[in-house]
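Everything on this sheet refers to the single structure shown next.
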Amino acid sequence: MLVSILHRATGTAMATGGVLILLWWLLSIASGPESYALFHSWVIGDAGASHPIANALARIVGIGLTWAFFQHLCSGLRHFVLDTGAGYELKTNKFWAVMTLVVSIAATVAIWASLLVRF
Amino acid sequence: MGTGTGIGRVRGLGSARSGAHHWWHQRVTAAANLLLMTWFVVSLLRLPSFDYQVVAQWLASPFVAVPMALLVISVFYHFRLGLQVFIEDYVHDEALKVAALILLNFYMIGGGALALFSILKVAVGGAAAG
């Protein structure tokens, strides 16, 4: 039940917020170094950042979208299995529903740990 | 499809009059998204930094620009199908529903065109010289 709702919520969040950030990123690369610098200063930021609050918010959104991506991915894989008619026994069904949450949170932590260590 | 008997009109089409195409396309783009997004995440994480030169040079490579363009097509088609169901399920006013679905198509096609044009512009050398 929760995982089913989350599939829609995470999909909608990525289709709106995630897609708009992707568009801004691609457009800024295509528009040249100055446009990219603007994207970089607002979203990515670094030492001596000119928009520290925006950068902090962007990280929260980034972590949220990373989790949304992995949650949607795991839940989508679960749907592939359910589409074959398998996995509807109550215990099995619940186990894999919980596993989508476990895996998505673990993957999000792993990705952001590696990013924060490097940058 | 058949315009003769009732069963001929209905067979295999269902209430949406488009059969299982929507459902099937959502699955096919989901599989494509799985491959392309895995490539995208790994490829991004392997970049030494996110400075302009690095990112522009990365995007200009054919082995990045092409999967990136395919990713945009697959992801945008997939979210259009998903949001369509979302709108059909939650917007009950008929006029509002039609307006929302048209807006969704504008968003997908407009956004997709901008994304594809940006990728091509960098890939054919318009911006990478900066």
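The values are calculated or read from the model by the stated rules, or taken from the named source; none is laboratory data. None of these values were measured; they are calculated from a predicted model. So basically every Cβ, Gly included, is an ideal-geometry build from the backbone, and we count neighbours across all protein chains shown.
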query = Can you name the residue in the range A:54-89 that is among the charged types (D, E, K, R) and either touching a residue at least 60 places away in the same chain (Cβ under 8 Å) or in a helix (DSSP H, G or I) (or both) and is also farthest from B:V41 (Cα to Cα) among such residues?
reply = A:D83
ask   = What is the one condition in (1) without any contact (Cβ under 8 Å) to a residue 24 or more places away in the chain; (2) at the interface with chain B (Cβ under 10 Å from one of its Cβ atoms) that A:T92 does not satisfy?
value = (2)
message = Suppose we filter A:V81, A:V103 for residues that are under 27 Å from B:L36 (Cα atoms), out of contact with any Leu (no Cβ under 6 Å at 6 or more places or on another chain), more than 13 Å from every other protein chain (Cβ to nearest Cβ) and surrounded by fewer than 19 Cβ atoms within 10 Å (Cβ to Cβ); which single one remains?
response = A:V103
key: Answer residue from the range B:37-46, given it is assigned to a helix (DSSP H, G or I) and loosely packed, with under 12 Cβ neighbours inside 10 Å and is nearest to the chain's Cα centre (by Cα) among those   = B:T38
ask   = Mind checking whether some residue in the range A:35-54 is under 12 Å from the mean Cα position of the chain (by Cα) and closer than 22 Å to B:I119 by Cβ?
value = no
query = Given the range B:47-130, what helices (runs of 4 or more DSSP H) lie entirely inside it while holding 2 or more residues that are farther than 28 Å from A:S35 by Cα and either among the β-branched types (V, I, T) or at pLDDT below 95 (or both)?
reply = B:62-90, B:94-123
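Is it true that B:S74 is among the polar types (S, T, N, Q) and more than 11 Å from chain A (Cβ to nearest Cβ)?
Here the answer is yes, as B:S74 does meet what is asked.
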note = Expected single match for within 21 Å of A:L77 (Cα to Cα), more than 8 Å from chain A (Cβ to nearest Cβ) and either touching an Asp or Glu at 6+ places or on another chain (Cβ under 6 Å) or surrounded by 14 or more Cβ atoms within 10 Å (Cβ to Cβ) (or both) among B:A69, B:A100, B:A32, B:A65 is B:A32
